[in-house]
Each structure stands twice: as structure tokens, then as C-alpha cells.
């Protein structure tokens, strides 16, 4: 799934934090990263564990001591990882989600996406597409100056604090 995580992450982030300064590009990368990495590791759900975004965030905090601007920008990645866990329903796979507290073996677990019927996956992707289009409108990305700001920095127009302002 691709559009599902993009649409749900952008929507949830906007309505939860409404932070135009966060790098939304890195947020989306963080939300897509678990399926990419876990796909490359042979379906071992390394990033579908609650420990993964916590470890990434801790490493980021340690590596960016004294680099506040870089830290603020990179924090979007572990936040995206957390959003992925929410919108993937990762908690339904108890042994993977709570790893290593439920044991150290991840080979017995599979990402929850593999267990979903094809029609459900298609419906989720269509809903993701609808959310991406809605976000495009909501965040004012039809306007070229806002779109260029987003593409250049991942930020939304700082004046865009009200969803009606995008109209």
C-alpha cells in the first residue's frame, strides 16, 4: 500500500498537530519506510514493532545534540513511523508489535498487510487516493507558490493555519 499511508498520515498530522513547519516529505517517507524496509528484509517485520520508531527517535535525538534545526526536521521520520503503525493496524500482530517483550523471534511474524484480502487493500488505496486529493485541496497545493514551497522544503505555507485559508 502506498497512497493509503500517504493520505492517512498527511490527514492525521494536519488535524492532530497542524504544524506547517514540519517537513511533510520526511513525514511521508517515515510512513512508507516500514513496508519498504520490511519488504527488503524478506517480510520480517523489523519496523512494524513499537520498538523501531522509539529506537529511531532516540538515535536521532542523540545524533542531533546541538543541532536543533536538523533535529526538528528529522523528527518527521519517527513520527511517520508511528503513524504507519497506527494506520497499518500493527498492534493486531501482538508478537511483532511488542517485540522484543514477547520474545526475540520475528521470523514467525508477518506484516499485517500480508493477511488482508485484496479487495480490502484496493479499497484502502482508493481511500488513500481520495485523502491525498483532499489534502491537496485542504493544504492549498493547487496554488503554485504553496506547491513550490512544499516541494522545496516540505513545509506548508505558514499563513495556512486554517483549512478555509486553502480555498
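Quick notes on this structure:
- Between 49, 11, 94, the residue with the greatest mean-square fluctuation in the GNM of the chain (Cα pairs under 10 Å linked by springs) is 94.
- The C-alpha atoms of the chain define a longest principal axis, and helix 144-153 lies at about 40 degrees to it.
- Share of alpha-carbon pairs per 10 Å distance bin for the stretch 28-85, given as whole %: 26, 50, 21, 3
- Most fluctuating residue given options 54, 65, 79, as computed from a GNM of the chain linking Cα atoms under 10 Å: 65
- The chain - mean residue ellipticity at 222 nm from DSSP helices (-39,500 (n - 2.57) per run, n ≥ 4, rounded to 500): -18500 deg cm²/dmol
- Max mean-square fluctuation residue, GNM over the chain, Cα-Cα springs under 10 Å, options 35, 19, 88: 19
- Quarter of the Cα convex hull surface for the chain, i.e. its orientation-mean projected area (nm²): 10.4
Just so you know, all these numbers are worked out from the coordinates, no wet-lab data involved. Source: prediction; values computed, not measured.
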